[in-house]
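To start, the structure itself, in C-alpha cells.
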Amino acid sequence: QPWLAAGRASPRLVLGVVFVALLLDNVLLTVVVPIVPIFLYTTEYEGAKSSQPGPAGARGAPPFPSVLSCSDNSTVPIRASSIPPGPPNGSRSSSPGHPPSSQPGPPTRAPPAPGRGCLEGGEFLAQENTRLGLLFASKALVQLLANPWVGVLTNRIGYHIPMFLGFTIMFLSTVMFAFSGTYTLLLIARALQGVGSSFSSVAGLGLLASVYPDDSERGSAMGIALGGLALGVLIGAPFGSIMYEFVGKASPFLVLAFLALLDGALQLCILQPSRISPESTKATPVSTLLRDPYILVAAGALCFSNMGVAMLEPTLPIWMLQTMCSPQWQLGMAFLPASISYLIGTNLFGILANRMGWLCSMIGMAVVGISLLCVPLATNIYGLIGPNAGLGFAIGMVDSSMMPIMGYLVDLRHTSAYGTVYAIADVAFCTGFAVGPSTGGAMVRALGFPWLMVMVGVLNVAYAPLCWLLRSPPGTQE
C-alpha cells in the first residue's frame, strides 16, 4: 500500500505507464506492415491459382485451407517464387521445410519473371497497393473521428479512465488481428485499433502535460514518451516479418496481447482507472483552438512530416517486391534505419524543444523532404538505409519539438487544460497517416512510386519555412 501510494504520486511512474502504452500501440501499428502484403498475396492470389481446374490446381487446392489457418506459417507458397537470388535457390530452399505446398508450386511457377525470381501477378500487386492503403489508413481515419470526442471526455472525467479504455480496446484489436484470415476482418481489427489509440494517445499526452507543468521538464518527458512511440515503430516491422517468416501469422499478435495484459495490470496499480478527476481549469473549446494560427502551423508540421512515412508503409514493401525482388524478411527490415534514427531524434531534440523547437521543426521538415526524394534512387535494401535513416531522424526532430510546443501554446495563449490541444495534435498526426496510405496506393498506380516520393518531398520542403512563425508566438495579452 505505501509503495502504491508513492507510485501514484510519482510523475516518473506515470511517464512509465504512458511510455508502455505508446510502445504497444505503435508495435501493433507497424507489425502488420510486412505481414499483410504477403499474407493477402498468399491467401488470395495464390489461393485463387491453386483452386483453378487442372492437374496442378487439383493437387494444389487441398493444402490451402491450412494456409488460411492463422496458426500456420502462411509464407509457404511464396517461398518458391520469391527467393531473390534466382532459380537454383528457389526449389531447394522451400521443399525441405514444407513439402506439401512446394510440390505443385515449382513446376508451374518456375518462370514468374524472367531471370529475376520476383513475385508473379503484377496486376494483383498493383491493385493491392490501393487495398493496403485503405487498410492502413482505416486506423488513422477512425482515430481522427474519435479524437475530438476523447479530448472533451478527458476534460470532463480526467485521463485515468480513458487510458484504461484504450488498453481494453487495444487488447481486443490485437487478439482479432491474430485470428483474422480475411481482408474484411483485418480491416475491422485495424479500425478498432484506431479507437483504442485515440484513448491512449490523447489521454496519455494530456496526463503528462498535467503532471509536468514546468516547460523544460515537460519537453524532456514528452521526448521520453515519444521514445516509446519510436521504440514501438523500431521493433514492430522487423519483429513482425521475422515472426511471420519463422513462426506464423498469429505469433506476433499473441505476444503483443500478453504484453498488453501486463500494461493493463500496470495501469490498474498506478493510475486508479475507477477515479473520476476532471480538469480543474475549464478547457478552451476546440473551435477556439482550431482558429489559433500558431496551433494550426504546429499541427500542419506534424501532419505533413508524418505523411511521408505513412505513404511508405503500404507502398514501399510492394515496390521492393516489384523492383528489388526482396525476400519477405527484408520488407520489415527496410524500416529499421528509420525507426532507430527516430528513437535517437526524439530523445535528443525533446530537451531542446523549449529553446529552439521552431528551428528543429523547420530543419526537420526540410530533411524529411530531401530524404523522400532520395528513396526511389535505391536499387537494393542497402540503398534505403541512408534515406530512411534521415527520414526517421527528421520526423523525430519535428515530433519531439511540436508536442511540447502545443502544450506551451495553450499555456501562453489559452487556459492550461491539455486534453483538447493534444486531441488536435493527434488529429494532425492521424490525418497524415490517413491521407498518406489512402491516397498513396492510388497515386502509385496513376503516377508511379518515384513521382509520389517527389510530390510529398517537395510538399515538406515548401512547408518548412512556416515553422519560423513559432519562434516567438505572442501571449493572450499581446
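The values are calculated or read from the model by the stated rules, or taken from the named source; none is laboratory data. Keep in mind that what you see is a predicted model, and the values were worked out from it rather than measured. In this analysis, Cβ positions are derived from the backbone assuming ideal geometry, glycine residues included, and neighbour counts consider all displayed protein chains. To get the accessible areas, we keep the full protein, side chains included, count just its heavy atoms, and leave off ligands, DNA and RNA. Shrake-Rupley method; radii C 1.70, N 1.55, O 1.52, S 1.80 Å.
Brief remarks on what is shown
- Residue within segment 392-407 that is surrounded by fewer than 20 Cβ atoms within 10 Å (Cβ to Cβ) and either at pLDDT 80 or above or outside any helix (DSSP H, G or I) (or both) present: no
- Flag for Ala442 being crowded, with 22+ Cβ neighbours inside 10 Å and either modelled with pLDDT under 80 or not in a helix (DSSP H, G or I) (or both): no
- When Trp468 is tested against the conditions (1) under 27 Å from Met324 (Cα atoms); (2) among the aromatic types (Phe, Trp, Tyr); (3) open to solvent by 50 Å² or more (accessible area, probe 1.4 Å), the lone failure is (1).
- Counting residues in segment 159-173 that are in contact with a Gly (Cβ under 9 Å, 6 or more places away or on another chain), outside any helix (DSSP H, G or I) and touching a residue at least 40 places away in the same chain (Cβ under 8 Å) gives one or more.
Yes or no, residue by residue, for (1) open to solvent by 30 Å² or more (accessible area, probe 1.4 Å); (2) at pLDDT 80 or above; (3) under 30 Å from Met311 (Cα atoms); (4) not charged (D, E, K, R):
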site	(1), (2), (3), (4)
Pro106	yes, no, no, yes
Pro112	yes, no, yes, yes
Leu119	no, no, yes, yes
Leu134	yes, yes, yes, yes
Lys139	no, yes, yes, no
Thr154	no, yes, no, yes
Tyr159	no, yes, no, yes
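- Residue under evaluation Phe246, criteria (1) modelled with pLDDT under 85; (2) buried (at least 21 other Cβ atoms within 10 Å of the Cβ); (3) aromatic (Phe, Trp, Tyr), criterion not met: (2)
- Scope segment 317-332; condition over 18 Å from Thr130 (Cβ atoms) and either aromatic (Phe, Trp, Tyr) or at pLDDT 80 or above (or both); matching residues: Thr323, Met324, Trp329
- Residues in segment 249-274 that are of a type outside the set (S, T, N, Q) and not in a helix (DSSP H, G or I) were compared, and the one that is modelled with the highest pLDDT is Lys249.
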